[in-house]
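Heads up: the structure comes next, in structure tokens.
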Amino acid sequence: MNWHLEQVEKVLQLTGSSESGLSTAEVEKRAIEYGPNEITGAKKKPVIFLFLNQFKDFMILVLIAAAVISGLIGDLTDTIVIITIIILNAIVGFIQEFRAERAIEALKKMTVINATVIRNNAVTTVSSIALVPGDIVLLEAGNILPADIRLWETFQLKINESSLTGESLAVAKHTAALTNPDLTVGDYRNMAFKGTHVSYGRGKGIVVAIGMSTELGKIASLLQEPGIQTPLQKRLAKFGRNLAYIILAICA
């Protein structure tokens, strides 16, 4: 849903919320429907499996075969050099995957906070995990955003979104609906995103996405995708396979 393109009144209608907030019964119903507002991680792999996965690459298998053949014909120097290269490659790959898992844990920790909301026409404080779509959240300087929010009211509100966009300067926010459907997340000036923090001013907004449906949750999902590769990695893998085939043909 392109919440940044909708007027606040339409967002309230679509989320089934109102200025007085959600009722307790409605919150309980939505909590069952949408689940907790948290970043979830894939089941942790044993460290040894992370290391062994580094030896699945086609070129690594070719190098292992080359090391075995070199060892069998008595060329120990080549064998040692090839094994050293394989181990160094495995260590680098292992460190990258291990850091990705640590990044997921860091994302989970930084998003479990308390949030000030309006429910049953009263202001109350709840754990961010208990937020549901349609909740009305109050914001002030120093707050970490507990969910993705369509801003309803802003009073000189500025939000630091460096954890999401990399932009170090705080972004001034407003409530007007945007008209350009091709904007990037960093240009959604009427939205506030989970994991960012309020650096100045205050405001109020409607929760439109929680947990893994937030922009931060999407980043966490990408970190967890098995075997995800950049375009450069894909081209290098293809080049490595073709090179191995040519070498084998020449050797034959």
Count - residues of the range 20-73 that are closer than 30 Å to L138 by Cα and small (G, A, S): 7
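Residue-by-condition table, conditions (1) of a type in the set (S, T, N, Q); (2) open to solvent by 40 Å² or more (accessible area, probe 1.4 Å); (3) closer than 16 Å to T15 by Cβ; (4) in contact with a Leu (Cβ under 9 Å, 6 or more places away or on another chain):
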site	(1), (2), (3), (4)
L139	no, no, no, yes
I144	no, yes, no, no
A176	no, yes, no, no
T179	yes, yes, no, yes
R189	no, yes, no, yes
V198	no, no, no, yes
Options E38, E33, E26; residue that is assigned to a helix (DSSP H, G or I), within 15 Å of A209 (Cβ to Cβ) and among the acidic types (D, E): E33
Subset of the range 146-165 that is open to solvent by 60 Å² or more (accessible area, probe 1.4 Å) and not polar (S, T, N, Q) - its residue that is nearest to V123 (Cα to Cα): E153
Strands (runs of 3 or more DSSP E) completely within the range 120-189 that count 1 or more residues being aromatic (F, W, Y): 148-160
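The values are calculated or read from the model by the stated rules, or taken from the named source; none is laboratory data. All of these numbers come straight from a predicted model, not from anything done at the bench. Ideal geometry is used to build each Cβ from the backbone, glycine not excepted, and the neighbour counts take in all protein chains shown. We work out accessible area using only protein heavy atoms, side chains counted, and drop any ligands, DNA or RNA first. Shrake-Rupley method; radii C 1.70, N 1.55, O 1.52, S 1.80 Å.
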